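To start, the structure itself, in structure tokens.
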Amino acid sequence: MTAADAGREEFLPPTALESAVRALGADTVRYRFDYVMLPMRDGVRLATVVIRPRAEGRYPTFMVRTPYAVNSIPDQFKLMHTAQFKKNYVLIVQNERGSEWSDGDFGFLTSTTPDAQDTLDWISAQEWSNGEVGLHGCSSTAENQLKLGAMGHPAPCACVPMSSGAGIGDIPGAEGSNGCFFRGGVPMIKTWALWHAPFGVRLRPKLPVNAEGDELSRIFRRYSVAVPDFRDPEYAAALDKATREAPSGEVLPGSADHRRRNRAARRICSRTARRMSSGPSASRYMSP
């Protein structure tokens, strides 16, 4: 990369994430962006964005590890990040293996804990780190926090796991749900498609092994290999249409029509059960 190229790089439009955090106080005067492919213990490299103060010093770190493409800061978290940037926190956003530019294959709670431990070790060894790390995230990111917190690594000081376990456990008020992916033991095709279409991809572009520095940051900033997910309105609409009906015309589990039919069927069953157990002829339907 020539000096002229470096000069042009400074005037490139900011990425969506850069714009989002700059608006919250991580401006270019105080903060710098480092784009790193961080190697794990098995050689897999994880795409990591380090947003840290330019001034020398040792600072606390706020880490978000996620399978999602991060290109904005949700409204409900903006006050939190604004306060952190005022206090010179480091923000690290890392894509789990198999998501965005991170190497490897994505999997539910598979290598997330050792990867997070390796990342914490790396943070603690940096000259800008004071060794204290906070964890934050929702859904998949939350479940990973709980697992990591049980390992006793010295760096984490706090974690905020939100909506943890929604995909794998019973949901309060929806007994027998078995998480988001099942209803009464029946797999919800739409929900599986919602998750596995974006994250089950195995054939993905990969970064050159020797890409680093300015070349690496240019690739990170200009390109994304994340496929559309459920937060994309066009993708969500297409998924809803594709999973509403089978080719035979039968309504599939997970669609709005199917849920309405299920509710109606439950009401009928409930009324029938009450009649059977309270009417004069109830004994005919009950075991001796």
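The values are calculated or read from the model by the stated rules, or taken from the named source; none is laboratory data. On a predicted model such as this, the values are computed, not experimentally measured, just so you know. Cβ placement follows ideal geometry from the backbone for every residue including glycine, while neighbour counts extend to all protein chains displayed.
Kindly indicate whether SER164 is among the polar types (S, T, N, Q), out of contact with any Lys or Arg (no Cβ under 6 Å at 6 or more places or on another chain) and modelled with pLDDT under 80. Lay out the reasoning, then the answer.
Working: among the polar types (S, T, N, Q): yes; out of contact with any Lys or Arg (no Cβ under 6 Å at 6 or more places or on another chain): yes; modelled with pLDDT under 80: yes.
It is true that SER164 is among the polar types (S, T, N, Q), out of contact with any Lys or Arg (no Cβ under 6 Å at 6 or more places or on another chain) and modelled with pLDDT under 80.
In the range 56-65 there is at least one residue matching the filter, namely being touching an Asp or Glu at 6+ places or on another chain (Cβ under 9 Å), under 21 Å from GLY213 (Cα atoms) and at pLDDT 90 or above. Evaluating GLU127 against the criteria (1) at pLDDT 95 or above; (2) within 22 Å of GLY25 (Cα to Cα); (3) surrounded by fewer than 15 Cβ atoms within 10 Å (Cβ to Cβ) leaves one unmet condition, (2). With respect to the conditions (1) in a helix (DSSP H, G or I); (2) at pLDDT below 75, ARG218 lacks only one, and its number is (2). The requirement of being of a type in the set (Gly, Ala, Ser) and either surrounded by fewer than 17 Cβ atoms within 10 Å (Cβ to Cβ) or farther than 15 Å from PHE62 by Cα (or both) is satisfied by ALA150.
Checking ALA69 against (1) assigned to a loop (DSSP other than H, G, I, E, B); (2) modelled with pLDDT of 90 or more; (3) of a type in the set (A, V, I, L, M, F, W, C), only one condition comes out false. Which one? All conditions pass for ALA69, except number (2). Filtering the range 115-160 to residues that are farther than 15 Å from THR48 by Cβ, out of contact with any strand residue (DSSP E or B) (no Cβ under 8 Å at 6 or more places or on another chain) and not hydrophobic (A, V, I, L, M, F, W, C) leaves GLU127, GLY131, LYS147, GLY152, HIS153. For LYS86, the stated conditions do not hold, so it cannot be described as under 30 Å from GLY107 (Cα atoms) and among the basic types (Lys, Arg).
Scanning the range 41-86 for residues that are surrounded by 19 or more Cβ atoms within 10 Å (Cβ to Cβ), of a type in the set (A, V, I, L, M) and more than 17 Å from VAL133 (Cβ to Cβ) returns ALA47, ALA69, ILE73.
Mind listing just one residue for me: the one in the range 57-76 that is of a type outside the set (S, T, N, Q) and free of Cβ contacts under 8 Å to residues at least 40 places away in the same chain and, of those, nearest to THR15 (Cα to Cα)? Residue satisfying both the conditions and the ranking: PRO74.
Taken over the range 87-118, the residue count meeting the criterion of being part of a helix (DSSP H, G or I), at pLDDT 85 or above and surrounded by 15 or more Cβ atoms within 10 Å (Cβ to Cβ) is 5.
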